[in-house]
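For reference, the structure is listed below as structure tokens.
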Amino acid sequence: MNLKIGVIKGDGIGPEIVTEAMKVLDKTAFVYGHTCSYEQLLMGGASIDVHGIPLTDGTIQTAKSCDAVLMGSIGGDAKTSPWYKLEPSKRPEAGLLRIRKELNLFANLRPAVLYEELKGACPLKEEITEGGFDMMIMRELTGGLYFGERKTVEENGVLTAADSLCYNENEIRRIAKRGFDIAMKRRKKVTSVDKANVLDSSRLWRKVVEQVAKEYPEVMLEHMLVDNCAMQLVKDPKQFDVILTENMFGDILSDEASMVTGSIGMLASASLNETKFGLYEPSGGSAPDIAGKGIANPIATILSAAMMLRFSFDLDKEADAIEKAVAKVLKEGYRTIDIMSEGKLQIGTAEMGNLIAGYIE
Ligand code: IPM
Ligand code: MG
């Protein structure tokens, strides 16, 4: 099978971590008799430098012509980078939001798993993490605050800014269905997270999720307020299977969940639409402070590539092979600096990629 993959290396550590994921993909393709053809796409700061805007129509078209897109990260240091002198709609992040919208990538899956080997990097007490945990954050990605109307006005010398959080029932229903579908393949529990004690959008969210739940009698549904969920994630992360939530809550909770797995450098993600197409990216940012140093953790990107094989190409065996290779490298004690602990072997980005590629079988 030929896999036509769009590649957005992006900014900061993006190029380094994507290079390693491509290495692992190429090795996997070789072992299993596939070929990968890559289309390099510019987005974020890299696109601003060339085109003056973070995403061009041409790039969107090329992305659409691919079977899937693998992405690194976009953005720079907001204090020092010239990209942040541009108006907000021309900054790197605007490119990411636009590609999600243009490709209708409404379902963002962010798995947070505590690897046995990485317990040492987890900041939680051992009695809390005993037995590990394995949750899937299902984040709505094309609605809510990040896409609502926003404005800043000045009246009588006083500045006022507003962002609106808007969801219609169809947007809620389609993400809820995805959440329940995923739960059916897992431990059959959905925790729907909202702020229904205050927000109208959350009250509608809850109502629609309850309607959808009726179609999935085997799945246990619970509702949780977002502030409580933030607390429960560090108090008892084992209780979660699928966390289903709107855009901003999911953004925040997924960073929190990544930290309890030991490092954001471990958290993969898939952004899917109604078709097989998906955009796959690590959940972490571009980390400009460590860019170019060869020390970034490529594992989240490599695991995102595994998700791509699974969801966009139905290549489950191949995806398993990548996940096993990652587990093996960790088991042997190799660590990038972010997940380093005593007695382990510290290695750089490229060495990590080489080792994982070497273990693909
Ligand atoms: C993420 C990031 C993005 C988001 C930013 C860069 C716009 O934080 O993917 O979680 O908020 O969605
Ligand atoms: Mg985020």
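Scanning segment 304-330 for residues being under 19 Å from Leu118 (Cβ atoms) and either touching a strand residue (DSSP E or B) at 6+ places or on another chain (Cβ under 8 Å) or of a type in the set (Lys, Arg) (or both) gives a total of 4.
Being touching a residue at least 40 places away in the same chain (Cβ under 8 Å) and either surrounded by fewer than 17 Cβ atoms within 10 Å (Cβ to Cβ) or more than 20 Å from the chain's Cα centre (by Cα) (or both): is that true of Lys101 here? Considered against the rule, which asks whether it is touching a residue at least 40 places away in the same chain (Cβ under 8 Å) and either surrounded by fewer than 17 Cβ atoms within 10 Å (Cβ to Cβ) or more than 20 Å from the chain's Cα centre (by Cα) (or both), Lys101 comes out as yes.
Counting only residues that are more than 16 Å from ligand 2 (Cβ to nearest atom) and under 17 Å from the mean Cα position of the chain (by Cα), segment 283-302 holds 5 of them.
Suppose we keep only residues that are charged (D, E, K, R) and either within 12 Å of ligand 1 (Cβ to nearest atom) or without any contact (Cβ under 8 Å) to a residue 60 or more places away in the chain (or both) within segment 262-293. Which one would you say is farthest from Leu141 (Cα to Cα)? Looking at the filtered set, the residue picked out is Lys293. Counting only residues that are surrounded by fewer than 17 Cβ atoms within 10 Å (Cβ to Cβ) and within 16 Å of ligand 2 (Cβ to nearest atom), segment 24-82 holds 1 of them. The residues in segment 83-97 that are more than 16 Å from ligand 2 (Cβ to nearest atom), of a type outside the set (Asp, Glu) and surrounded by fewer than 19 Cβ atoms within 10 Å (Cβ to Cβ) can be counted, and the count is 6. Anything in segment 250-261 that is more than 11 Å from ligand 1 (Cβ to nearest atom) and either buried (at least 24 other Cβ atoms within 10 Å of the Cβ) or basic (Lys, Arg) (or both)? List them, or say none. Answer for segment 250-261, where residues must be more than 11 Å from ligand 1 (Cβ to nearest atom) and either buried (at least 24 other Cβ atoms within 10 Å of the Cβ) or basic (Lys, Arg) (or both): Ala257, Thr261.
Per-residue answers, yes or no, for (1) in contact with a helix residue (DSSP H, G or I) (Cβ under 7 Å, 6 or more places away or on another chain); (2) closer than 27 Å to Tyr115 by Cα:
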position	(1), (2)
Val153	no, no
Asn156	no, no
Ile172	yes, no
Asp194	yes, no
Val208	yes, no
Val226	yes, yes
Lys238	no, yes
Gly250	no, yes
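Answer with yes or no whether Ser271 is assigned to a helix (DSSP H, G or I), closer than 19 Å to Asp251 by Cβ and touching a strand residue (DSSP E or B) at 6+ places or on another chain (Cβ under 7 Å). It is false that Ser271 is assigned to a helix (DSSP H, G or I), closer than 19 Å to Asp251 by Cβ and touching a strand residue (DSSP E or B) at 6+ places or on another chain (Cβ under 7 Å).
Answer yes if at least one residue in segment 294-310 is away from ligand 1 (no atom under 15 Å from the Cβ), out of contact with any Lys or Arg (no Cβ under 9 Å at 6 or more places or on another chain), under 19 Å from Arg110 (Cβ atoms) and of a type in the set (D, E, K, R), and no otherwise. Yes, because at least one residue in segment 294-310 is away from ligand 1 (no atom under 15 Å from the Cβ), out of contact with any Lys or Arg (no Cβ under 9 Å at 6 or more places or on another chain), under 19 Å from Arg110 (Cβ atoms) and of a type in the set (D, E, K, R).
Among the residues making up segment 248-263, those that are in contact with a Gly (Cβ under 9 Å, 6 or more places away or on another chain) and more than 10 Å from ligand 2 (Cβ to nearest atom) are Phe249, Gly262, Ser263. Scan segment 136-156 and give yes if some residue there is within 30 Å of Leu41 (Cβ to Cβ), exposed (fewer than 12 other Cβ atoms within 10 Å of the Cβ) and more than 15 Å from ligand 2 (Cβ to nearest atom), otherwise no. Scanning segment 136-156 turns up at least one residue that is within 30 Å of Leu41 (Cβ to Cβ), exposed (fewer than 12 other Cβ atoms within 10 Å of the Cβ) and more than 15 Å from ligand 2 (Cβ to nearest atom).
Taking the criterion of being of a type in the set (S, T, N, Q) and within 10 Å of ligand 1 (Cβ to nearest atom), the only residue of segment 231-249 that qualifies is Asn247. The single condition from (1) part of a loop (DSSP other than H, G, I, E, B); (2) under 20 Å from the mean Cα position of the chain (by Cα) that Ala306 fails is (1). For segment 131-172, a residue qualifies if it is among the β-branched types (Val, Ile, Thr) and over 30 Å from Ala183 (Cβ atoms), and the qualifying residues are Thr152, Val153, Val158, Thr160. From the list Thr160, Thr191, the one residue that fits, being assigned to a strand (DSSP E or B) and either surrounded by fewer than 16 Cβ atoms within 10 Å (Cβ to Cβ) or free of Cβ contacts under 8 Å to residues at least 24 places away in the same chain (or both), is Thr160.
Apart from one condition, Met220 fits all of (1) under 27 Å from Arg100 (Cα atoms); (2) among the hydrophobic types (A, V, I, L, M, F, W, C); (3) more than 16 Å from ligand 2 (Cβ to nearest atom); (4) surrounded by fewer than 22 Cβ atoms within 10 Å (Cβ to Cβ); the exception is (1). Consider segment 264-273 and keep the residues that are of a type in the set (A, V, I, L, M, F, W, C) and in contact with a Leu (Cβ under 9 Å, 6 or more places away or on another chain). The one that is nearest to ligand 2 (Cβ to nearest atom) is Leu267.
Values quoted throughout were computed directly from the atomic coordinates according to the rules given, and no laboratory measurement underlies them. A quick note: this is a predicted structure, and the numbers were derived from the prediction, not measured. Cβ atoms come from the backbone with ideal geometry, glycine included; neighbour counts cover every protein chain shown.
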